[in-house]
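Before any comments, here is the structure.
The values are calculated or read from the model by the stated rules, or taken from the named source; none is laboratory data. Source: prediction; values computed, not measured. With ideal geometry, Cβ positions are generated from the backbone for all residues, glycine too; neighbour counts draw on all protein chains shown.
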Amino acid sequence: MKKRTNFAKPMFVMMIILTIFALAAICKVTSEVLMPVTMAVLFSCVFEPIIILLKKKFHVPWGIGIFTIFVIVIVIVTALIMLLSTSIQAIAEAIPKYTQRLNVVYKTIASLFKLDYNPDLSIFSNLWQQMEVRQQIQNFVLTLSNSVISFFKVLGLIVLFSLFFLVEMRYLREKIEYAFGHTGSGEGRVSKMITAIIEQTTRYLSVKFTVSVVTGILVFICLTIIGIDFPIIWAFLAFVLNFIPTFGSIISVLLTSMFGVIQFFPQPGPMIAIFIIMVCTNFAIGNIVEPKIMGRNLGLSPFVIIVALTFWGWLWGFAGMIIGVPMMVILKIVCENVDFLEPVGILLGSYIGPKTETKTESETKTETKLT
């Protein structure tokens, strides 16, 4: 019997590994279908608390609540797309101006660090000649643009899937209770576990979305006051990259600060102000406000974040990089609510501390009676 047990454990681990590889291959092949479905589920988890709030506070029926949310979202997204397209068009028209500004910055840096500079070539030719990254830049821009275009192509599918999933979420908890509430052992333990996973996931996504929106609004207001060009672009960038913990904020700060240097060089005041504002905003939101609202237990290890960005980026492109970290947080929540997967949840996290257990109403009543 011991030999069989010793043989069964490696086989079980091997089956799990093979299953993971098989699921990854399926996700890669069926990305055109699974990616919109996944994003629709995530968006539905963001909007469900708002619909519940409308129903409880203002007695708005579920269907009308969904319709109201979708109308508001469509109006906001349409306005945002129009603003972004106008800003991108303005950037394209202002390229000669920023090329001259970048030329001035590069001449100063070249003279400071004694780099070769050919005045007969353009600034981009000099940079590519020095750094030899022309092909890499072209490939990155092409990949990014293709990912953005493909995302907007599937936007209609995402909206459609979100609509039907939100309708389904009205009865989802009742279905889970009916399906798993009387499974014999544990008095509906499976039902409670699945409900806890859904509630924690919904809370995480809704808070993360709200915090990202607040970050974008603060960045927009501060950069508008300073007078940087195209503040809506940098605010939108801060909103999107806020879904990538730590590394997203660093990228947002660097890109915005670099543009500030190009626009305001050699004036030190605006350049320093932009850098300080971006750092303080991202630090305050990401390290103080967000952990206080969500709790530190939902944090991920930096190594896990890098792996998630690499894996999901390979799997679904730029959209995969955005949803990769939320997907890993959801995986961590699932692992923490399943007993035999709890060690995996601990390894995925960034915080080691006492586990906070939520007590059910029956347990609380029992303790009250005993005391």
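Remarks
- Output for segment 232-280, where each listed residue is of a type in the set (Ser, Thr, Tyr) and surrounded by 20 or more Cβ atoms within 10 Å (Cβ to Cβ): Ser249, Ser252, Thr256
- Residues that are closer than 18 Å to Leu83 by Cβ and within 11 Å of the chain's Cα centre (by Cα) within segment 207-237 comprise just one, Ser212.
- Just one of the listed residues (Ile306, Ile330) is surrounded by fewer than 17 Cβ atoms within 10 Å (Cβ to Cβ), touching a residue at least 24 places away in the same chain (Cβ under 8 Å), farther than 30 Å from Ile91 by Cβ and under 17 Å from the mean Cα position of the chain (by Cα), and it is Ile306.
- Criterion violated by Leu83 - all others in (1) modelled with pLDDT of 80 or more; (2) closer than 21 Å to Cys45 by Cβ; (3) in contact with a helix residue (DSSP H, G or I) (Cβ under 8 Å, 6 or more places away or on another chain) satisfied: (2)
- Members of segment 51-99 that are among the β-branched types (Val, Ile, Thr) and either exposed (fewer than 12 other Cβ atoms within 10 Å of the Cβ) or more than 25 Å from Ser162 (Cα to Cα) (or both): Val71, Ile74, Val75, Ile76, Thr78, Thr86, Ile88, Ile91, Ile95, Thr99
- Conditions (1) without any contact (Cβ under 8 Å) to a residue 60 or more places away in the chain; (2) β-branched (Val, Ile, Thr); (3) closer than 21 Å to Ala94 by Cβ; (4) part of a helix (DSSP H, G or I); number of the one not met by Ile228: (4)
Residue-wise test of (1) within 15 Å of Ile197 (Cα to Cα); (2) touching a helix residue (DSSP H, G or I) at 6+ places or on another chain (Cβ under 7 Å); (3) at pLDDT 80 or above.
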{"residue": "Met328", "(1), (2), (3)": "yes, yes, yes"}
{"residue": "Val334", "(1), (2), (3)": "yes, yes, yes"}
{"residue": "Asn337", "(1), (2), (3)": "yes, yes, no"}
{"residue": "Gly349", "(1), (2), (3)": "no, yes, no"}
{"residue": "Ser362", "(1), (2), (3)": "no, no, no"}
{"residue": "Thr366", "(1), (2), (3)": "no, no, no"}
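- The C-beta contact set for segment 80-93 (first residue free of Cβ contacts under 8 Å to residues at least 60 places away in the same chain, second residue in a helix (DSSP H, G or I), distance under 9 angstrom, 6+ apart or interchain) comprises Ile81/Phe152; Thr86/Ile232.
- Restricting the first member to segment 48-76 and to residues that are in contact (Cβ under 8 Å) with a residue 60 or more places away in the chain, and the second to residues that are hydroxyl-bearing (Ser, Thr, Tyr), the beta-carbon pairs closer than 6 Å and six or more apart or on different chains are Glu48/Thr202; Pro49/Ser206.
- Evaluation of Gly260 against (1) at pLDDT below 85; (2) more than 20 Å from Pro245 (Cα to Cα) (one fails), failing number: (1)
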